[in-house]
Amino acid sequence: MNIISTTKAPGAIGPYSQGYEANGFVFTSGQIAIIPETGEIAEGIKAQADQCCKNIGAILEAAGVSYDNVIKTTCFLADMGDFAVFNEIYGGYFTSKPARSCVAVKELPKGVLCEVEAIAVK
């Protein structure tokens, strides 16, 4: 097993890793809309969805894979009313259409509007 770490995505804010590689798979931790260069949170659902996907991409890149290697994502929304906007942004990144779960949750870390995690194959 190998820990995946990159400065191009936000550092872990708790006792976890940005990602792990094990048995030919890459598992990312859930990524919220923290801009790695500033530590600020992107504003609005469009910007947050975009930043979540960029953060996932940075971890995938650090593992030597890309969005096309993703086979499953789990997406969390603070408000299912944001689904259509989130889906539009998400679809621009995950063009290979991996399996996906997308659920609304009561609350997300730092009050963000969305979070995305991914599983990819090497």
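Annotations for the structure displayed:
- Selection from region 81-104 of residues that are among the hydrophobic types (A, V, I, L, M, F, W, C) and more than 13 Å from the chain's Cα centre (by Cα): Phe83, Ala84, Val85, Ala99, Val103, Ala104
This table checks each residue for (1) without any contact (Cβ under 8 Å) to a residue 24 or more places away in the chain; (2) of a type in the set (Val, Ile, Thr).
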| site | (1), (2) |
| --- | --- |
| Gly14 | yes, no |
| Gly19 | no, no |
| Val26 | no, yes |
| Ile34 | no, yes |
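- Meets criteria (of a type in the set (D, E, K, R), over 13 Å from the mean Cα position of the chain (by Cα) and at pLDDT 95 or above) for Lys46: yes
- Residues that are at pLDDT below 95, hydrophobic (A, V, I, L, M, F, W, C) and in contact with a Pro (Cβ under 8 Å, 6 or more places away or on another chain) occur in region 10-18; there is at least one.
- Hits in region 98-113 - residues which are of a type outside the set (Gly, Ala, Ser) and farther than 15 Å from Gly57 by Cα: Arg100, Cys102, Val103, Val105, Lys106, Glu107, Leu108, Pro109, Lys110, Val112, Leu113
- Criterion violated by Phe83 - all others in (1) under 20 Å from Ile3 (Cβ atoms); (2) without any contact (Cβ under 8 Å) to a residue 24 or more places away in the chain satisfied: (1)
- Some residue of region 57-64 being out of contact with any Cys (no Cβ under 6 Å at 6 or more places or on another chain) and surrounded by fewer than 16 Cβ atoms within 10 Å (Cβ to Cβ): yes
- From the options Lys122, Lys46, Lys110, residue that is more than 17 Å from Ser29 (Cβ to Cβ), exposed (fewer than 13 other Cβ atoms within 10 Å of the Cβ) and not polar (S, T, N, Q): Lys122
- Residues that are buried (at least 17 other Cβ atoms within 10 Å of the Cβ), closer than 20 Å to Thr7 by Cβ, over 13 Å from the mean Cα position of the chain (by Cα) and at pLDDT 95 or above do not occur anywhere in region 66-80.
The values are calculated or read from the model by the stated rules, or taken from the named source; none is laboratory data. These numbers come from a predicted model, not from an experiment. Cβ atoms come from the backbone with ideal geometry, glycine included; neighbour counts cover every protein chain shown.
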